[in-house]
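K.L.:
Please see the structure below; I have some questions.
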Amino acid sequence: MASTATTECTITNDAGQNLVLALSNYETAAETIQNTETATFTLTMPAIYLNGALVYEVGHSLRWIIFWTTDNQVSTKMFKINDPIDWKQVANNLKYGHKSEDRIIYADSEYTAWASIEPNSKGQVLTANIYASSVPK
C-alpha cells in the first residue's frame with residue numbers, strides 16, 4: 001500500500017458571500033462554505049504528491065487560492081474572478097510554516113485572506129480565513 005499524507009483543514013468564511021469550490025486535487029474538500037461558517041475537513045493524498053491546492057470562488061467577484069506543500073510551506077492569493085490565476089505568483093509566495101497573507105480591493109470591499117500550516121502527528125494542519133471589510137468612501 002502506498003503511503004499517504006494527511007492535511008487537516010479548517011477554513012473560516014467571513015467574506016460576506018458563500019465560498020464555492022472551483023478546483024481541488026482532493027475529493028473530500030468542502031464544496032460550499034456558507035458565509036460566517038467554518039468548515040473542517042481532512043484531505044488525504046498520496047505521499048508522492050508535493051503540494052495541494054484549493055480554489056474557492058468568493059461569490060461572483062474573486063477566486064481565493066490556498067496552496068501548500070508537504071514540507072509545510074503555504075501560500076494564499078486572491079484574483080478577480082475574470083483574471084487568470086497566476087500559478088507562478090502563487091508558488092513564488094510560499095512561506096515556511098508561518099502565515100501567508102493577501103489583500104485585494106473589489107467593488108466596495110477590501111478582502112483579506114490568510115493561511116498557515118504546521119506539522120502534526122498525522123501530517124499537517126492547515127488553517128485559513130477570508131474576511132471582507134467596507135472600503136471608506
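K.L.:
Report P(r) for the chain: all Cα-Cα distances, bin width 10 Å, range 0 to the bin holding the largest distance, values in whole percent.
P.N.:
Taking every Cα pair in the chain, the percentages come to 13, 46, 33, 8, 1, 0.
K.L.:
Could I ask something else about it? Can you tell me which aspartates and glutamates have their Cα less than 15 Å from the Cα of Lys122? Leave out same-chain residues fewer than eight positions away.
P.N.:
Within the straight-line limit of under 15 Å, Lys122 reaches these aspartates and glutamates: Glu8, Asp71.
K.L.:
Now a separate question. Rank Trp87, Trp114 by accessible area, highest first, at a 1.4 Å probe radius?
P.N.:
Per-residue accessible area, sorted high to low, gives Trp87, Trp114.
K.L.:
In the chain, what percent of the accessible surface is made up of carbon and sulfur (1.4 Å probe, ligands and nucleic acids excluded)?
P.N.:
Carbon and sulfur together cover 49 percent of it.
K.L.:
Counting helices only, and only those DSSP H runs with n ≥ 4, report the 222 nm mean residue ellipticity of the chain as the sum of -39,500 (n - 2.57) divided by its residues, in deg cm²/dmol to the nearest 500.
P.N.:
Result for the chain: -1000 deg cm²/dmol, rounded to the nearest 500.
The values are calculated or read from the model by the stated rules, or taken from the named source; none is laboratory data. Everything numeric in this text was worked out from a predicted model, so none of it was measured. Ligands, DNA and RNA are stripped out before the accessible areas are found, and what is left, the full protein with its side chains, is counted by its heavy atoms. Shrake-Rupley method; radii C 1.70, N 1.55, O 1.52, S 1.80 Å.
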